[in-house]
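Okay, structure first, notes after.
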Amino acid sequence: MGGFCYSQTKPNVLLILLDDARFDSFSPNGGPDFFNDSSISRIANEGVNFSNSYCVYSLCVPSRASLLTGLYPHKNGARNNGFTPDSTLIQLQSILKTNGYRTGFVGKYDWATDPQQGWDYWFASIGEDYSNAQFNYNGVVRSYFGHKTDIITDSAVGFLLDEPADTPFFLMVSHLAPHTPFQPRQQDDSLYDSIPMPIPDNFYFFQHNYPSFLRDFHFYIQDTIDLDTTLRLYYQMLAGVEASVQRIFSKLTSRNFLDNTMVIFTSDNGHLWGEHQLQVKRLAYEESSKVPLFIRFPAWFPISGIVNDQFALNVDLAPTILDAAGIDPSVYNFDGISLKQLYDGSVNRSSIYYEVLSNETLPALRQVRDKNYAYTYYYCDGLTEEFFDLNKDPEENENQILNSNYQQLIQLYKERLDSFKVALNDTIVESVHNCYLEDTLYLANGSSPKFPFTLNYSVLPGEVNVQLYAPSPVTISISLVNMLGQVVYAKTDISIMQQQSLSINTSNLTIGSYLLVAQGNQLLGSAKILIGNK
């Protein structure tokens, strides 16, 4: 069995999940000074912050289903809100229960209110009212007085109070907060009244080459006054979550559970709050897809750890939890990996794949993103693609898809997107919407810029021979990248006077498609290659 070996008992697992909470709302990720999140930030400060964490689909049901199945929505069946994950798939809680865990769910499940597979304790909220809400308690529907955030916390604390000390538990605390309709707790509803809210620098609509459907999108914000009010309510909602986390920490401490409990804090998705004058999720912009991810687990992570050079995904949580429980996650064919592998560097994930599947409101989309660039393809009947240079334009304000200087890079990212689709078995045939790029100046002849550099190659059994030509001296790097965006070979500081040959040993690589990339101060060349016989 994989994972960490414990001398006495398997670790407990507490997963705290928020709804629509942005990554940058919290102090470990640069959150505003006025928001006191000391209990939430304690999880990162006494553990690790995966500061580049993303959901694979920014919408409630698809995201939560991905978390519990470890699979992308195109595989797990939860393609949109209103869908449910494939009932034949075994979910995280069922695996843990089979392996001796007591499992408890409290809060918003989203696709069901009746008890679901694998849960010993069930307390699911009904509807999205925050006041005097109904819950399904182990199969019985009851009304509860008070604010939903506090009621969820009461139930979580009750679960921890009743938990036997000799039985490991998995408790999922799933808050509706800070999802709309905003209804702060009474003690929080005057917080921050005199404090200006953090209006984004790019509170203006796209100027050039933007998807046409955004123009008529019904989550468009007209002025900063409305946004200021919205953000104040949002942080008032988060204040209730902070109080909840503080109470749960106290109960873990009083039961002597804390240091043998993996505490995970995250959100189902992010949210745009005024960027490009949008107030929405689902889209592939960073504020929508990026989420907080803090984990306190002394057995794995030291105090104040941070992983900022790797991408974490919500499909990683199921294999991470199983790994911590001493259960080998590799037998379940997850799309995710254990985050311990990202933390210790045994796995490198430098780019990610993001999807939104067909629905009546928005076109489907696919995106590949890394630290440098983001390429998005929309399923439209007119040219509708985006390419952002995140080094020069981290706010994703200027779409470079038609900029001739980026065409070679764009082709590389299109190839990477195709590779991800193959690697993740994304074979869905999406419907096409009527949409296009607005304010578009098309290239006159569609030609790409020519670089004075040549990359040739030949694939042989067990090796790839690379031939490089440059008319003037240049220093480059060569890398080989698999279909999941992982670098499997890299050689830097290659000096080329005119011609240079290089042999790459591929005898230890899995058969399949790879990208061969030559990089200098800019992308010099790339090619998709098939490594076959060894």
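The values are calculated or read from the model by the stated rules, or taken from the named source; none is laboratory data. Being a predicted model, the structure only gives us computed values, none of them experimental. Neighbour counts run over all protein chains shown; Cβ positions are idealised from the backbone, glycine included. Calculation scope for accessible area: heavy atoms of the full protein, side chains included, ligands and nucleic acids excluded. Shrake-Rupley method; radii C 1.70, N 1.55, O 1.52, S 1.80 Å.
A compact table of results
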read-out	value
Any hit, segment 166-186, residues being part of a strand (DSSP E or B), over 29 Å from Ile321 (Cβ atoms) and of a type in the set (A, V, I, L, M, F, W, C)	no
Selection from segment 65-85 of residues that are out of contact with any helix residue (DSSP H, G or I) (no Cβ under 6 Å at 6 or more places or on another chain) and over 20 Å from Leu365 (Cβ atoms)	Thr84
Segment 235-279, subset among the charged types (D, E, K, R) and out of contact with any Ser or Thr (no Cβ under 7 Å at 6 or more places or on another chain), residue farthest from Ile321 (Cα to Cα)	Glu275
So Ile90, is it in contact (Cβ under 8 Å) with a residue 60 or more places away in the chain, at negative phi, part of a loop (DSSP other than H, G, I, E, B) and not charged (D, E, K, R)	yes
Residue under evaluation Trp119, criteria (1) under 23 Å from Leu322 (Cα atoms); (2) in a helix (DSSP H, G or I), criterion not met	(2)
Selection from segment 84-110 of residues that are of a type outside the set (Val, Ile, Thr) and in contact with a Phe, Trp or Tyr (Cβ under 7 Å, 6 or more places away or on another chain)	Gln93, Leu96, Tyr101, Arg102, Gly104, Phe105
The listed residue being at pLDDT 95 or above and either more than 29 Å from Tyr204 (Cβ to Cβ) or part of a helix (DSSP H, G or I) (or both), out of Glu355, Glu415	Glu415
Subset of segment 122-161 that is in a loop (DSSP other than H, G, I, E, B) and hydrophobic (A, V, I, L, M, F, W, C) - its residue that is most open to solvent (accessible area, probe 1.4 Å)	Phe145
Options Asp335, Asp344, Asp328: the member that is under 16 Å from the mean Cα position of the chain (by Cα), closer than 30 Å to Asp259 by Cα and open to solvent by 10 Å² or more (accessible area, probe 1.4 Å)	Asp335
Residue match in segment 165-181 (condition: open to solvent by 50 Å² or more (accessible area, probe 1.4 Å) and at pLDDT 95 or above)	yes
Residue match in segment 129-148 (condition: in contact with a Leu (Cβ under 7 Å, 6 or more places away or on another chain), among the polar types (S, T, N, Q) and modelled with pLDDT of 95 or more)	no
Elements of type helices (runs of 4 or more DSSP H) in segment 1-86, at least 2 residues being over 21 Å from Leu171 (Cα atoms) and either touching a residue at least 24 places away in the same chain (Cβ under 8 Å) or in contact with a Leu (Cβ under 9 Å, 6 or more places away or on another chain) (or both)	38-45, 73-76
Residue satisfying all of: in segment 207-254; outside any helix (DSSP H, G or I), surrounded by 15 or more Cβ atoms within 10 Å (Cβ to Cβ) and over 24 Å from the mean Cα position of the chain (by Cα); modelled with the highest pLDDT among these	Asn209
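One line per residue, one yes/no per condition, for (1) under 22 Å from Gln277 (Cα atoms); (2) open to solvent by less than 50 Å² (accessible area, probe 1.4 Å); (3) among the polar types (S, T, N, Q):
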residue	(1), (2), (3)
Leu339	no, yes, no
Glu355	no, yes, no
Leu362	yes, yes, no
Asp381	no, no, no
Phe388	yes, yes, no
Asp393	yes, yes, no
Asn399	yes, yes, yes
Leu402	no, yes, no
